[in-house]
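Structure first, commentary second.
Only the coordinates and a few stated rules stand behind these numbers; no lab work does. Nothing here was measured: the structure is a model prediction, and the numbers come from that model. Counting neighbours? That spans all protein chains shown, and the Cβs are built from the backbone with ideal geometry, glycine included.
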Amino acid sequence: MNKLICILLLFFNTSLFSYSQLYESDLYYLNKNEVLLYKILNWWSTVAHENSNEFCFSDIKVRSNKTVDLKYDKKTKILKISTKEKFADLISVFENKNTYLQSEYINKKYFKSLTNKKINNISTICLKNVSFNEYKRLNKIKNDIAFELEGKIVGLLSYSGKASFHSRGDFLRTCPKKIDQKFDIGFKILNIKTKEIFIKYFSKNN
């Protein structure tokens, strides 16, 4: 009940500031409810809530809310799609530099010969072997292109204060271990108007 009240209050607060600079940053959803995630993390980090685990294993979705940048190199055929600010900065996705998300789906209607298979950065995506015509097609609709990240909260990291999608690290708040619990992580680039997915990356049982 307390969790529901907290979520509703945060959602209401988001609505009040719908035209503020804060609202223009990434959009965070907790169990399908739009929230100000930094407030939840601040609440969880206080000593008074050190034994709280009510947000453990909650589903989190993050969507970019500003126009992405597209930069294309004709010589190398590399297309870089990036957000102007660090995407999903309140979430720790990668355990270390050797952790990756693997490409799971590539929309062949937009990328006929795409070669990249994995990523370890979700703020700038480098796509290799993209033709100039493919780039132009995407550039025409870049205002509709967004990044989207999904995963489950498995703890609160002590150093960065971020919610973690991975189960290893130095935690300020830990979640109880569940042997059968899956910590899948999904990241995709999509058209927010048509819901069409351009490319999707995935990490299973992270």
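Loop-only check: which trypsin sites (Lys or Arg not before Pro) in the stretch 54-93 are DSSP coil with at most 16 other Cβ within 10 angstrom?
Details: sites: Lys61, Arg63, Lys66, Lys71, Lys74, Lys75, Lys77, Lys80, Lys84, Lys86; in loops: Lys66, Lys74, Lys75, Lys77, Lys84, Lys86.
Answer in residue order: Lys66, Lys74, Lys75, Lys84, Lys86.
Quote the FRET efficiency, to the nearest 0.05, computed for Asn133 versus Tyr100 with a Förster distance R0 of 22 Å and r equal to the Cβ-Cβ distance. Before the final figure, lay out the partial values.
Working: r = 29 Å, r/R0 = 1.32.
Rounded to the nearest 0.05, the efficiency is 0.15.
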Backbone HN-Hα couplings from phi across the stretch 68-80 [Karplus 6.51/-1.76/1.60, Hz, Gly and Pro as x]: 7, 9, 10, 10, 10, 10, 4, 5, 8, 6, 9, 10, 10
J(HN,Hα) series, the stretch 35-51, from Karplus relation 6.51 cos²θ - 1.76 cosθ + 1.60, nearest Hz, glycine and proline x: 9, 8, 4, 4, 6, 5, 5, 4, 4, 5, 7, 6, 4, 4, 10, 5, 9
The chain: angle of helix 2-16 to the longest principal axis, Cα-based, in degrees nearest 10: 50
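Give me the orientation-averaged projected area of the Cα convex hull of the stretch 117-206, in nm², one decimal.
Values: hull surface 29.9 nm².
Dividing the Cα hull surface by four gives the mean projection, 7.5 nm².
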The stretch 175-189 - phi-based ³J(HN,Hα) in whole Hz, Karplus 6.51/-1.76/1.60, Gly and Pro as x: 9, x, 6, 10, 4, 8, 7, 9, 10, 5, 10, x, 9, 9, 10
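In Å, what Kirkwood hydrodynamic radius results for the chain from the alpha-carbon pair distances?
Details: mean 1/r = 0.0551 Å⁻¹.
18.1 Å is the Kirkwood radius here.
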Partner aspartates and glutamates for Lys66 [C-alpha distance under 16 Å; skip if fewer than 8 residues away on the same chain]: Glu24, Asp26, Glu85, Asp89, Asp144, Glu148
Summed residue charge, Cβ within 14 Å of Gln181's Cβ, Lys/Arg positive, Asp/Glu negative: +2
Eligible lysines near Lys200 by straight Cα distance, threshold 16 Å, same-chain separation 8 or greater: Lys61, Lys80, Lys108, Lys109, Lys112, Lys117, Lys118, Lys128, Lys188
Rg and Dmax [Cα atoms of the stretch 52-131; Å; Rg one decimal, Dmax integer]: 15.2, 53
